[in-house]
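Notes follow the structure.
The values are calculated or read from the model by the stated rules, or taken from the named source; none is laboratory data. Note that the structure is predicted; figures quoted are calculated from it, not measured. All Cβ positions, glycine included, derive from the backbone under ideal geometry; neighbour counts span all protein chains shown. We work out accessible area using only protein heavy atoms, side chains counted, and drop any ligands, DNA or RNA first. Shrake-Rupley method; radii C 1.70, N 1.55, O 1.52, S 1.80 Å.
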Amino acid sequence: MIESINNEKDRESTEKKLLEAVGEIIIKHGFDKVGINAIASKAGVSKVLIYRYFGSIDNIIVEYLSQNDFWLSFSVDFPKDENLKGFIKKMFRDQIIQLRSSKLEQELYRWELTNHNGVIEKLRLKREAKGITLITIISQLAKYPQEEVAAIATLLSAAISYLVLLSDNCSMYNGIDLQSDKGWNQLALGIDLLVDKWYD
């Protein structure tokens, strides 16, 4: 029993090292430099363990990115009362905060826009499934058609992603400062307004 617990702890520790190694390589060298040998070397473990614990290089990258993607790690624990509208507003505000502060997530989005491979396909499928789940829950709780909720959520989340990525090379958009907290607060208030008008 004790040996089993120790083995489980060893596995958890090794998986953590491997996932952290993936992140360090991506941040320092980019997605194209993530490989079995590089991950194993960075983590200081045998590359056999990557296959044993994750099955493939694609799976370990997907696992790491899933833990660091806003929508994939978003909780589906929605309020079931009058706080739903406030919850929706906070959801998009949280997307703004995380994406603006996470260079890794920004790099992931840029990588997705310019590449198509197994990792990206798996991530998109996981994100799509999570998105449908979130939209279905909101639709049921708000009592609005799912198609309507999907359209609004898509436009808002895509606008946030685009503007965050754009802010690296473009400071102003329609007079809004994309490189300042003040500008992003203006955008967040605009999202609040849109949610109010839709929800009410």
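Every condition in (1) open to solvent by 70 Å² or more (accessible area, probe 1.4 Å); (2) part of a helix (DSSP H, G or I); (3) free of Cβ contacts under 8 Å to residues at least 60 places away in the same chain holds for Met91 except the one numbered (1).
Considering only residues in the range 112-156 that are hydroxyl-bearing (Ser, Thr, Tyr) and part of a helix (DSSP H, G or I), the one that is surrounded by the most Cβ atoms within 10 Å (Cβ to Cβ) turns out to be Ser139. Restricting attention to the range 34-58, the residues that are under 12 Å from Glu20 (Cα atoms), of a type in the set (Val, Ile, Thr) and surrounded by fewer than 17 Cβ atoms within 10 Å (Cβ to Cβ) add up to 0. Filtering the range 157-200 to residues that are open to solvent by 50 Å² or more (accessible area, probe 1.4 Å) and of a type in the set (A, V, I, L, M, F, W, C) leaves Ala158, Met172, Leu189, Leu193, Leu194. Among the candidates Leu18, Leu104, Leu84, the residue that is within 30 Å of Ser171 (Cβ to Cβ) and among the aliphatic types (A, V, I, L, M) is uniquely Leu104.
Residue count for the range 68-88, restricted to those that are open to solvent by 30 Å² or more (accessible area, probe 1.4 Å) and in a helix (DSSP H, G or I): 3.
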